[in-house]
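Q: Supplied in structure tokens, the structure appears directly below.
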């Protein structure tokens, strides 16, 4: 068993600190700029992604914890944390979401969605980056979901996206729209998944996309209003 490791970014120095919560050993790692926004990708991933929004840079901390499946359980292996050699630049990178082993980095300044395989990151070899374009540059989000890529769709460039919903693309052909929601979803910000459902926070409520497992439709969608007083 392990309590894991905590990653803390300095607001004033170009450093991040990794704390082992079992031994309380602390490592100091140099990064490109101070004030990085840390985004974990969840699960048992060993990576914490660092977004330098103003400095247009993304870095990765390998926290040095590896879980290897062994039958019905996992084996734990610890190494010293380090900055992963892979990084990327782009105008105003923001939301980073991992799902199904695929990491989606949304570049606000261009509307690019950059897709990276966590398996390739772990291999130590060359990392391929696939790019899918949102309809407009905006503060958006994208992630893999049931073999599709969900991408926010903006009506305006500035601020949070006012959108008619989320576009679902077939994963093997990102130019093919499988589903585009009809529900109104203003100021989309925040996402979560559970089973066959993906949810997005909007002014009007939570936009829910349901993966129907029906090839001809793919998804259904609806907005679930907030309880009275919740969003006042």
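Q: Looking at the range 69-87, can you tell me whether even one residue there is within 20 Å of residue 190 (Cα to Cα) and surrounded by fewer than 21 Cβ atoms within 10 Å (Cβ to Cβ)? Full working, then the answer.
A: Filtering the range 69-87 for residues within 20 Å of residue 190 (Cα to Cα) gives none.
No, the range 69-87 has no match at all.
Q: Right, another one. Assess whether residue 125 counts as being outside the structural domain of residue 6 (by TED's automatic domain parsing), surrounded by 14 or more Cβ atoms within 10 Å (Cβ to Cβ), at pLDDT below 95 and outside any strand (DSSP E or B). Walk me through it before giving the result.
A: On the way: outside the structural domain of residue 6 (by TED's automatic domain parsing): yes; surrounded by 14 or more Cβ atoms within 10 Å (Cβ to Cβ): no; at pLDDT below 95: yes; outside any strand (DSSP E or B): yes.
The answer is no for residue 125.
Q: I need the full set of residues from the range 185-199 which are buried (at least 24 other Cβ atoms within 10 Å of the Cβ) and part of a strand (DSSP E or B), in order please.
A: Of the range 185-199, the ones buried (at least 24 other Cβ atoms within 10 Å of the Cβ) are 185, 188, 198.
Result: 185, 198.
Q: Still on this structure, please answer the following. Would you confirm whether or not the range 29-43 contains a residue that is at pLDDT 95 or above, surrounded by 12 or more Cβ atoms within 10 Å (Cβ to Cβ) and more than 22 Å from residue 95 (Cα to Cα)?
A: Checked the range 29-43: at least one residue is at pLDDT 95 or above, surrounded by 12 or more Cβ atoms within 10 Å (Cβ to Cβ) and more than 22 Å from residue 95 (Cα to Cα).
The values are calculated or read from the model by the stated rules, or taken from the named source; none is laboratory data. Since the structure is predicted, the reported quantities are computational estimates derived from the model, not experimental observations. All Cβ positions, glycine included, derive from the backbone under ideal geometry; neighbour counts span all protein chains shown.
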